[in-house]
Amino acid sequence: MNVNTSNLVSITEANQNFSRVARMVDESGAVVILKNNTPRYLLIEFSSAEAEQTASDEDVLSISKRLLAKNHEAYEVLAK
C-alpha cells in the first residue's frame, strides 16, 4: 500500500480533532494514524473496507485449486 505523507496524522491530533481527520478520509480515501511516530491504525471509508473483505471468484478458485493440489493424498484417503 502506498501512503501519502500528507495523510499521516498523530494519534493525539486524531483524538483532538476527529472531524478533520474524517474529512481527510473523505477527500483522500484513507488516513494513517501514527502512535509514537509509527504507523499504527488505518482509517478508511466503510465502503472500502467492505470491498476489501470480499474475495473475487478468481481468488477463491485459485486458492481452492492450490489447496486441492497440496492435499491431494489426504482427499483421496477421505474419499474412500
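The values are calculated or read from the model by the stated rules, or taken from the named source; none is laboratory data. On a predicted model such as this, the values are computed, not experimentally measured, just so you know. Heads up, the Cβs are rebuilt from the backbone with ideal geometry, glycines too, and the neighbour counts pull from every protein chain shown. Areas reflect the complete protein model, heavy atoms only, side chains present, ligands, DNA and RNA absent. Shrake-Rupley method; radii C 1.70, N 1.55, O 1.52, S 1.80 Å.
Can you confirm whether the range 11-32 contains a residue that is modelled with pLDDT of 80 or more, open to solvent by 60 Å² or more (accessible area, probe 1.4 Å) and among the hydrophobic types (A, V, I, L, M, F, W, C)?
For the range 11-32, residues modelled with pLDDT of 80 or more, open to solvent by 60 Å² or more (accessible area, probe 1.4 Å) and among the hydrophobic types (A, V, I, L, M, F, W, C): present.
Hey, among V21, V25, V9, V31, which residue is out of contact with any helix residue (DSSP H, G or I) (no Cβ under 8 Å at 6 or more places or on another chain) and β-branched (V, I, T)?
None of the others qualify; the one that does is V25.
In the range 33-60, which residue that is assigned to a helix (DSSP H, G or I) and either at positive phi or open to solvent by less than 60 Å² (accessible area, probe 1.4 Å) (or both) is modelled with the highest pLDDT?
S48
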